[in-house]
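Student: Got a structure for you, questions after.
Read the figures in this text as sums done on the coordinates, not as results from a lab. Every value quoted in this text rests on a predicted model; they were computed, and no experiment measured them. Cβ atoms come from the backbone with ideal geometry, glycine included; neighbour counts cover every protein chain shown.
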Amino acid sequence: MDPKKAESWLRVTSKGLFCEPGDFFIDPTSGSSRAVITHGHGDHARPNHHAVLATPGTLAIMRSRFGENAGRSLQALPYGETIRLGGVSVTLVPAGHILGSAQVVMEYQGCRVVVSGDYKRRPDATCPPFEPQPCDIFVTEATFALPVFRHPEDTAEIDKLLHSVRLFPERSHVVGVYALGKCQRVLSLLRRQGYEEPVYIHGALEALCDLYEKEGVALGPLKPVLGVSKEALKGKIVLAPPSANTDRWSRRLPEPVVAMASGWMRVRQRAKQGGVELPLVISDHADWDELTQTIDEVKPSEIWVTHGREEALIRHATLKGYKARALSLIGFDEEGQ
Amino acid sequence: MNRFAALLDGLVFTPSRNGKLRLMTDYFATTPDPERGWALAALTGDLNFREAKAGQIRELVLARVDPELFGWSYDFVGDLAETVSLIWPTPEKVDVLPTPGLAEIVEKLRSTRRGDVGVLMAGWLDALDASGRWALLKLVTGGLRVGVSARLAKTALAELGKVDLDRIEEVWHGLEAPYEALFAWLDGRAPKPEVGDRPTFSPLMLANPIEAEELVALDPAAYFAEWKWDGIRVQLVSRGAEKRLYSRTGDDVGRAFPDILESVPDGVVLDGELLVLREGEVAPFNDLQQRLNRKLASAKMLSDFPAWVRLYDMLEAEGEDLRPLPLSERRVRLENWYRAGTRPRLDLSPLIAFSSWEELGELRDGARERGIEGLMLKRKDWAYVSGRPKGPWFKWKRGALTLDTVLMYAQRGHGKRSSFYSDYTFGVWRDGELVPVGKAYFGFTDEELLLLDKWVRNNTTNRYGPVREVSPGLVLEVAFDSVHRSTRHKSGVAMRFPRIHRIRWDKPHPEADTLETLSKLVT
Ligand SMILES: [Zn+2]
Ligand SMILES: [Zn+2]
């Protein structure tokens, strides 16, 4: 396959990746006539599109976050089903990132392109696992594309939290989590490690936890922090958005041990700067090993890298004999290469 | 090793003293010998390897990782040991490699020639996880800094064994890693270890602060008075042909003071103040700081900053423990010993003659010369008792200096205070502009902290990460012990022990003090 061929129908615009024959954008950065959305995170799903195509889970998230502004017409495409848009066949395949997250598989004139969206490879009970799709062109994310990012086992990180809870029974543990995905993932990991006590959650996390429950993801007993006495929060686990740790909000907690669940916690300086006492390396993005192994599995003729540290992943792929470029350069004149 | 690494991880991130203590006590209680003993030695700084050089480590990793990728990673992480620990490619058959214990690592490093350390290291790096690799690399490159003092590690031991910290200090310098006899005692399996005539540290007798009003209840004739010198309290021990110079907390600081150690004769334990003296005059505290900052002293340092110990007590002479004797007798023994020979680098802290507290108070207020912080009052009939007994010893400090300053910046605190702006940078006026002159983060009550935090949030003009700049408007009366010239500060002066004395909600900020006023207080 000649990747030049794909460049004739897929190009990068100021709004993001645009599929010309299908007349749709993928994760456009602002309102558009037609958008295919990989998942519900704010840097991918934006309000005010005319028509939106996404998995039922992603649409539920968008409705919950944007209400009326989620889009004029919302079309659900379940995992594995194919739809034709202007001669381009489009399939959404699980990405293993968060509830509803999908890779976008496009086929046009014998050329198969996969846009990974955000993804990870390790097990996550809150969403179906990533399915590698052999393709001609693999558009991959690169959030943690440096070889220093190798996430440890989730269970070891959760055990670290539970050990600390046992060691400091007179304190509360407040874990900073993003409201969508990470919060529910941490809850599900806690349950998997046998933690059955109620987990106390910040008000900003409630709506999305409800949504996950409604979508059939069991999170165990949850209680709001609001109105609970300091005394009653001793020895308890509290989940809150990362910013709440330094808010006046946190003063209601008894001597909180400040934890944070994020892939960035792998780097000590990052954790220290954020005033984190208990860094938990729990990520919803592929780490270096997952990124590089996935490339080997999907065996693309060419890799387009986006969303993070492009240069390192391109370097690695090139050393391994792949053709790789930064997605931001696609469609620009590169005759010289 | 992985458990030790997990402990270090915890210590690095836990800001509070109590949190660190809990982590260490838990580790010592649940880790077997000799692993925990070597860990203890690493924490107290008693593990010294023929260090592996950074270049050696870099070479090991570049044999396995693309230099370009390594370079970008190093730029991102910013620390060599951490970069290597994270980037080290795990070999396929990781399961068959046993994780090395700390004891094994210590033993092998000690018995391996420097040239062979690389091979050894590579094998261990393969077998350890990222935390373990970090701990190992920090250990062998001598960069293990986890915010734990030897004192704090020993405090954890005291909690583990439910014994007084002083009982541990008494034997500490007579023991060696991996401290199995010590742990056996702390576990309650054996008696306290015997240390014979090693030059161990005798925990110090400490004084309580006192104010003039409280003195009237005391009989002046029952007390000796001495100047309170502005140096570092030390204990000089010379026993069994070994000599040590200990800090107040029992840290051995002798390596930086060969001039002192050289001049101590055999068979004494002395208590005194470490000072830099020039022709009998106490040099500024900064001069002593120069010496304290160095692990080893160069010949130039030794001649530029001559160190002395000004003696005020004698705890042992010729193998005889003098501590049970009353101070009046110990003083006689000290003076007789001092006069019986030449004592270079040692002098006596004189006793001050006085007959009433009023008279002594006048002497105290009149003594403005450098090096004097106030007075020490010591009961003549008391034995030398370690710790801080109530009654026998008092420090009667000269009144603190104070200054009205203006709050300029506030920074969020750590741990319990992480939601509060609790670290304050304050300034004084110079030509109509505020110049920062210091930083304080204590001296106020919890209620005042709430008010200060609120004021900072309501008067923020700029934010830089955890720091907020505030509009000038709040006057803080700052207390401090003294002021020194400093080239490191924009203002040219630095305060010692600044703390918030009062919050002057009432005072208009243009009426705060000037840099000129502050500069006049420089000693
Ligand atoms: Zn995402
Ligand atoms: Zn994203």
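Student: Could you give the distance between the Cα centres of segment B:401-438 and segment A:163-179, to the whole Å?
Tutor: 32 Å
Student: If you place +1 on the Cβ of every Lys and Arg, -1 on the Cβ of every Asp and Glu, and leave all else neutral, what size is the dipole of segment B:117-252 about its Cα centre, to the nearest 20 Debye?
Tutor: My answer is approximately 540 debye.
Student: So for segment A:32-83, taking the charge dipole from beta-carbon charges (+1 Lys/Arg, -1 Asp/Glu), which of A:HIS50, A:LEU77, A:ALA35 sits furthest toward the positive end?
Tutor: It is A:HIS50, whose Cα lies furthest towards the positive end.
Student: OK, next. Relative contact order of chain B, please, whole-number percent, based on alpha carbon pairs below 8 angstrom and at least 6 residues apart. Can you show the working numbers first?
Tutor: Details: 902 pairs, mean separation 59.3, N = 523.
Computed over chain B, the figure is 11 percent.
Student: Past 29 Å, Cα to Cα: identify those pairs from B:LYS162/B:LYS390; B:LYS154/B:LYS395; B:LYS53/B:LYS162; B:LYS154/B:LYS380, in the order given.
Tutor: Checking Cα-Cα distances, B:LYS53/B:LYS162; B:LYS154/B:LYS380 exceed 29 Å.
Student: Let me ask another. Okay, helix-only estimate at 222 nm for the protein assembly as shown: each DSSP H run of n ≥ 4 adds -39500 (n - 2.57), divide by all residues, round to 500 deg cm²/dmol; what do you get?
Tutor: Theoretical 222 nm ellipticity from helices: -9000 deg cm²/dmol.
Student: Then there's this: How much of the DSSP bridge set in the protein assembly as shown is antiparallel, in percent, rounded to the nearest 5?
Tutor: 70 percent
Student: Of all GluC sites (Glu not before Pro) in segment A:26-124, which ones are in loop regions per DSSP and have a Cβ with at most 15 other Cβ atoms within 10 Å?
Tutor: A:GLU81
Student: To continue, here is another question. What are the GluC sites (Glu not before Pro) within segment A:160-262 that DSSP puts in a loop, where the Cβ has at most 16 other Cβ atoms within 10 Å?
Tutor: A:GLU170, A:GLU196, A:GLU215
Student: What does the charge count near A:ASP159 come to, summing +1 for each Lys or Arg and -1 for each Asp or Glu among other residues with Cβ under 12 Å from its Cβ?
Tutor: Once all neighbours under 12 Å are counted, the net charge is 0.
Student: Determine the shielding of peptide A:273-281 by partner chains: average, over its residues, the number of Cβ atoms on other chains within 10 angstrom of each Cβ.
Tutor: 4
Student: While we're looking at this one, here's another question. Considering only the other residues whose Cβ falls under 12 Å of the Cβ of B:GLU68, what net charge follows from Lys and Arg at +1 and Asp and Glu at -1?
Tutor: Computed value for this residue: -2.
Student: Under a straight-distance cross-link criterion of Cα-Cα below 16 Å, which aspartates and glutamates are reachable from B:LYS300, leaving out those fewer than 8 residues away in the same chain?
Tutor: Here the aspartates and glutamates satisfying the reach criterion relative to B:LYS300 are B:ASP259, B:ASP287.
Student: Going by alpha carbons, how many degrees (0 to 90, nearest 10) lie between the helix axis of A:56-66 and the longest principal axis of chain A?
Tutor: 70 degrees
Student: On a 0 to 90° scale, report how tilted helix A:288-298 is relative to the longest principal axis of chain A, with both axes built from alpha carbons and the result rounded to the nearest 10.
Tutor: So the helix axis and the longest Cα principal axis differ by about 40 degrees.
Student: Let me ask another. Would you please name the trypsin sites (Lys or Arg not before Pro) within segment A:247-337 that are DSSP coil residues with at most 13 other C-beta atoms within 10 Å of their C-beta?
Tutor: Details: sites: A:ARG248, A:ARG251, A:ARG252, A:ARG266, A:ARG268, A:ARG270, A:LYS272, A:ARG309, A:ARG315, A:LYS320, A:LYS323, A:ARG325; in loops: A:ARG309, A:LYS320.
When the trypsin sites (Lys or Arg not before Pro) of segment A:247-337 are filtered for loop state and at most 13 Cβ neighbours within 10 Å, A:LYS320 remain.
Student: Which value, in debye to the nearest 20, describes the size of the charge dipole of chain B about its Cα centre when Lys and Arg Cβ atoms bear +1, Asp and Glu Cβ atoms bear -1, and nothing else is charged?
Tutor: Values: 73 positive and 77 negative charges, 113 e Å.
For chain B, the charge dipole is close to 540 debye.
Student: Reachable aspartates and glutamates from B:LYS520, Cα under 15 Å, same-chain residues fewer than 8 places away excluded?
Tutor: B:GLU369, B:ASP404, B:ASP481
Student: In addition: Dipole magnitude of the protein assembly as shown about its Cα centre, charges +1 at Lys/Arg Cβ and -1 at Asp/Glu Cβ only, in debye to the nearest 20?
Tutor: Rounded to the nearest 20 debye, it is 520 debye.
Student: While we're on this one: Taking chain A as the reference, fit the longest principal axis to its C-alpha atoms, fit the long axis of helix A:310-319 to the helix C-alpha atoms, and give the angle between the two in degrees, 0 to 90, nearest 10.
Tutor: 60 degrees
Student: With each pseudo-label sitting 7 Å past Cα toward Cβ, what's the B:GLU447-B:ARG345 distance in nm, one decimal?
Tutor: About 5.3 nm separates the two model spin labels.
Student: Then there is this: So who's got an amide H within less than 5 Å of the one on B:VAL437, skipping anything under 5 residues away but keeping other chains? H placed 1.01 Å off N, in plane.
Tutor: Close amide H contacts, sequence-distant or interchain: B:PHE426, B:GLY427, B:VAL428.
Student: Just add up the charged neighbours of A:SER64: K/R +1, D/E -1, any other residue whose Cβ is under 13 Å from the Cβ of A:SER64.
Tutor: Values: positive: A:ARG63, A:ARG65, A:LYS214; negative: A:GLU68, A:GLU206, A:ASP210, A:GLU213, A:GLU215.
Net charge in that neighbourhood comes out at -2.
Student: Once phi is turned into θ = phi - 60°, what whole-Hz ³J(HN,Hα) does the Karplus curve with 6.51, -1.76 and 1.60 give for every residue of segment B:109-121, x standing for Gly and Pro?
Tutor: 4, 6, 9, 10, 5, 3, x, 9, 4, x, 4, 4, 4
Student: Give me D for segment A:246-337 in µm² s⁻¹, whole number, from Stokes-Einstein with Rh from the Kirkwood sum over alpha-carbon pairs, 37 °C and 0.692 mPa s.
Tutor: 202 µm²/s
Student: Compute the Cα gyration tensor for segment A:154-280, then decide on rounded, prolate or oblate, letting a ≥ b ≥ c be the square roots of its eigenvalues: rounded whenever a/c is under 1.5, prolate when a/b is larger than b/c in the other cases, and oblate in all that remain.
Tutor: Details: a/c = 1.31, a/b = 1.13, b/c = 1.15.
Note, shape of segment A:154-280 comes out rounded.
Student: Quick one: 3J(HN,Hα) in Hz for segment A:200-210, Karplus 6.51/-1.76/1.60 with θ = phi - 60°, rounded, Gly and Pro as x.
Tutor: 8, 10, 5, x, 5, 9, 4, 4, 6, 5, 4
Student: Can you give me the relative contact order of chain A as a percent, contacts being Cα pairs under 8 Å and 6 or more apart?
Tutor: It comes to 17 percent, rounded to a whole number.
Student: Rounded, prolate or oblate for segment B:208-397? Axes are the square roots of the Cα gyration tensor eigenvalues, ordered a ≥ b ≥ c, and the cut-off for rounded is a/c under 1.5.
Tutor: Taking the square roots of the gyration eigenvalues as a ≥ b ≥ c, segment B:208-397 is oblate.
Student: Please average, across the residues of B:66-73, the number of beta carbons from any other chain that are within 10 Å of each residue's own beta carbon, and give a whole number.
Tutor: Average per residue, whole number: 5.
Student: Antiparallel as a % of all DSSP beta bridges within segment B:208-397, to the nearest 5?
Tutor: Bridges in segment B:208-397 are about 90 percent antiparallel.
Student: I would also like to ask the following. Which order do the peptides B:7-18, B:382-393 take when ranked by the mean count of other beta-carbon atoms within 10 Å per residue, highest first?
Tutor: So the order, starting with the most tightly packed, is B:7-18, B:382-393.
Student: Hey, what do the phi angles of segment B:134-148 turn into as Karplus ³J(HN,Hα) couplings, whole Hz, using 6.51/-1.76/1.60 and θ = phi - 60°, x for Gly and Pro?
Tutor: 4, 4, 4, 5, 5, 5, 7, 9, x, x, 7, 10, 10, x, 10
Student: For A:311-322, what's the mean count of beta carbons from other chains sitting within 10 Å of each residue's beta carbon?
Tutor: Mean partner shielding for this stretch: 2.
Student: Based on DSSP, what percent of beta bridges with both residues in chain A are antiparallel, to the nearest 5?
Tutor: Of all bridge pairs located within chain A, approximately 35 percent are antiparallel.
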